[in-house]
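Take a look at the structure below.
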Amino acid sequence: MFFTVTLSPSGTQFTVNANETILEAATRQKVSLPYGCRGGRCGACAATLLKGEVRYTTPPIALEDQDSEQCLPCQALLQSDVTLGVSEIKHAAEIEVKMLPCRVHQIDHLAHDVIRLLLKLPDNQRLQFRAGQYLDFVLADGRRRSFSIANAPQDDVFIELHIRHVDGGEFTDWIFSQMQNRTILRIQAPLGSFVLDEDSTRPMLFIGGGTGFAPLKGQIEQAFAQGIQRPMRLYWGVRAQRDLYLPDLPKQWVANHRHFSFVPVLSEPDTGWQGRSGFVHEAVLADISNLADYDIYMAGPPVMVQAARKALCEQAVPSAQMHYDAFEYAEDIEYMLVNKGSVCIDGTSLT
């Protein structure tokens, strides 16, 4: 038994089996819909249910306090043919999602709780992706840990990740204390639809919190590489000055690109800090009165993204101009099998 999904305004149609979500069916048939966490939390995949009925195994968190016309394709199961109001992601259907082995090439401790990880694929492989997408580490027991790709597609010799240590998280504990160069891991990538709107002519605003800087870095570097001359602003919010783990990089961008500006914002400012303080989205609101004229890209903790989204909606920013990636940490106890510096995948040690 299957149902048909029709997308508006494109008119694209695809079929959905009774036991799969709309997003699963779309991905299987190379229809590129927006999505983020895939767990019903972030709301990045939200679409308008224009016609038909859907159901959920568990009520999604992202639909709390939302009207009944909203639908989450990542969780929705069909009860009839439906029509959804949602824009497809252009060009993403051309990118194949792959399961690949990779080797740790370099580990850089950028801050007290952030490392930069450079991953090397086999010599005959390159990862085709779009700036802002993410990858999954596939663990021995089948669980996954997701991290944004921090480099731009044109710089694909290595895959760059920025990983923050999570207190009590076995996976990040292992990365920070035991992982070594040449450790072999398995990844699935590229994933996600947090990508630049390359057809737009609007100025670009980037709002990051913590390691939410990572996907924004890739997007900004892609925009530079493409010669985009639209005004670009980056607001990067962290707790203290030491949490600006690549402080010189945005300064280099400012020096090299006249149309780019950078504002760091500290929520718990150090003594003597003379820059901006408070919440990062509040600094944006104080500085920019015409936010509805911008394409806005947001990445970071869910509480930051949610607060920014709410504030932007109140400023009448169209939803189509808000692009975001809310970082979620896994709720289950992280678990890995580690053997002589290698991660065991499906019981096999890759050394």
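The values are calculated or read from the model by the stated rules, or taken from the named source; none is laboratory data. Note that the structure is a prediction, hence the values are computed from the model and not measured. Cβ sites come from the backbone with ideal geometry, for glycine too, and all protein chains shown count toward neighbours. Accessible surface is based on the protein model in full, side chains and every heavy atom, while ligands, DNA and RNA are left aside. Shrake-Rupley method; radii C 1.70, N 1.55, O 1.52, S 1.80 Å.
Please give the per residue accessible area of the stretch 181-260, computed with a probe of 1.4 Å over protein heavy atoms only, in Å². Please report the intermediate quantities before stating the final value.
Details: 3190 Å² over 80 residues.
Normalised by residue count, the accessible surface of the stretch 181-260 is 40 Å².
Looking at the chain, what % of its DSSP beta bridges pair antiparallel, to the nearest 5?
Values: 44 of 73 bridges.
The antiparallel proportion sits near 60 percent.
Summing +1 for each Lys or Arg and -1 for each Asp or Glu, what net charge is found among the other residues whose Cβ lies under 12 Å from the Cβ of Ala189? Don't skip to the answer; put the middle values down first.
Details: positive: Lys98, Arg126, Arg130, Arg144, Arg186; negative: Glu96, Asp136, Asp156.
Net of charged neighbours comes to +2.
Give a residue-ordered list of calculated ³J(HN,Hα) values for the stretch 275-290 (Karplus: 6.51 cos²θ - 1.76 cosθ + 1.60, θ = phi - 60°; whole Hz; x for Gly, Pro).
After applying 6.51 cos²θ - 1.76 cosθ + 1.60, I find x, 6, 9, x, 7, 4, 5, 5, 5, 4, 4, 5, 8, 10, 8, 10 Hz.
Taking each pair of distinct Cα atoms in the chain once, what is the resulting Kirkwood hydrodynamic radius in Å? Before the final figure, lay out the partial values.
Numbers: mean 1/r = 0.0471 Å⁻¹.
Taking every pair of different Cα atoms in the chain, averaging 1/r and inverting gives 21.2 Å.
Just to confirm a number: summing +1 for Lys and Arg and -1 for Asp and Glu over residues other than Ala152 whose beta-carbon lies under 9 angstrom from that of Ala152, what do you get? Please list the in-between numbers first.
Values: positive: Lys217; negative: Asp155, Asp156, Glu221.
Local net charge: -2.
Net charge within 12 Å of Thr201 by Cβ-Cβ distance, Lys/Arg positive one each and Asp/Glu negative one each, not counting Thr201 itself?
On the way: positive: Arg202, Arg230; negative: Asp197, Glu198, Asp199, Asp293, Asp295.
Overall, the nearby charge balance is -3.
May I ask you to list the trypsin sites (Lys or Arg not before Pro) in the stretch 128-230 that are in a DSSP loop and have at most 12 other Cβ atoms within 10 Å of their Cβ? Let's see the in-between values first.
Numbers: sites: Arg130, Arg143, Arg144, Arg145, Arg164, Arg182, Arg186, Lys217; in loops: Arg130, Arg143, Arg182.
Here the trypsin sites (Lys or Arg not before Pro) that fit, given the DSSP loop and packing criteria, are Arg182.
When the accessible area of the chain is computed with all protein chains present and a 1.4 Å probe, what percentage of it is carbon and sulfur? Mind dumping the intermediate values first?
On the way: 7830 of 16810 Å².
C and S fraction of accessible area: 47 percent.
Taking springs between alpha-carbon atoms closer than 10 angstrom, which of Asp136, Asp199, Asp108 fluctuates most in the Gaussian network model of the chain?
Highest fluctuation of the listed residues: Asp199.
How big is the Kirkwood radius of the stretch 24-160, worked out from every pair of different alpha carbons and given in Å to one decimal?
Details: mean 1/r = 0.0576 Å⁻¹.
Radius from the Kirkwood sum: 17.4 Å.
Could you grab the Rg to Rh ratio for the stretch 186-278? Cα atoms only, Kirkwood for Rh.
Expressed as Rg/Rh, it is 1.00.
So what is the calculated 222 nm ellipticity per residue for the chain, using -39500 (n - 2.57) for each DSSP H run with n of 4 or more, over all residues, to the nearest 500 deg cm²/dmol?
Values: 6 runs with 58 residues, N = 351.
After summing the helix terms and dividing by the residues of the chain, the value is -5000 deg cm²/dmol.
For the stretch 97-209, compute the orientation-averaged projected area of the C-alpha convex hull (one quarter of its surface), in nm².
Details: hull surface 33.1 nm².
So the mean shadow area of the Cα hull is 8.3 nm².
Return the long-range amide H neighbours of Asp325 (sequence gap of 5 or more, or a different chain), with a cut-off of under 5 Å between placed amide H atoms.
Those qualifying (amide H under 5 Å, at least 5 residues apart or on another chain) are Met298, Ala299, Gly300.
From the backbone phi of the stretch 208-219, what are the Karplus-calculated ³J(HN,Hα) couplings (6.51 cos²θ - 1.76 cosθ + 1.60, θ = phi - 60°) in whole Hz, Gly and Pro given as x?
x, x, x, 6, x, 4, 4, x, 5, 4, x, 5
Assign unit charges at the C-beta atoms only (+1 for Lys and Arg, -1 for Asp and Glu), then state the dipole size of the chain relative to its Cα centre in Debye, rounded to the nearest 20. Don't skip to the end; give the middle numbers.
Working: 31 positive and 41 negative charges, 155 e Å.
The dipole magnitude comes to about 740 debye.
For the chain, what number of Lys pairs, 8 or more residues apart or on separate chains, have alpha-carbon atoms under 25 Å from each other?
Taking the chain as the scope, the lysine pair count is 12.
Can you pull the percent of Cα pairs in the stretch 240-321 with separation above 23 Å?
Numbers: 949 of 3321 pairs.
I get 29 percent for the Cα pairs in the stretch 240-321 exceeding 23 Å.
Per-residue HN-Hα couplings for the stretch 73-87, Karplus 6.51 cos²θ - 1.76 cosθ + 1.60 at θ = phi - 60°, whole Hz, x for Gly and Pro?
For the stretch 73-87, the Karplus-derived couplings read x, 5, 10, 6, 10, 8, 10, 6, 4, 9, 10, 10, x, 6, 8 Hz, x marking Gly and Pro.
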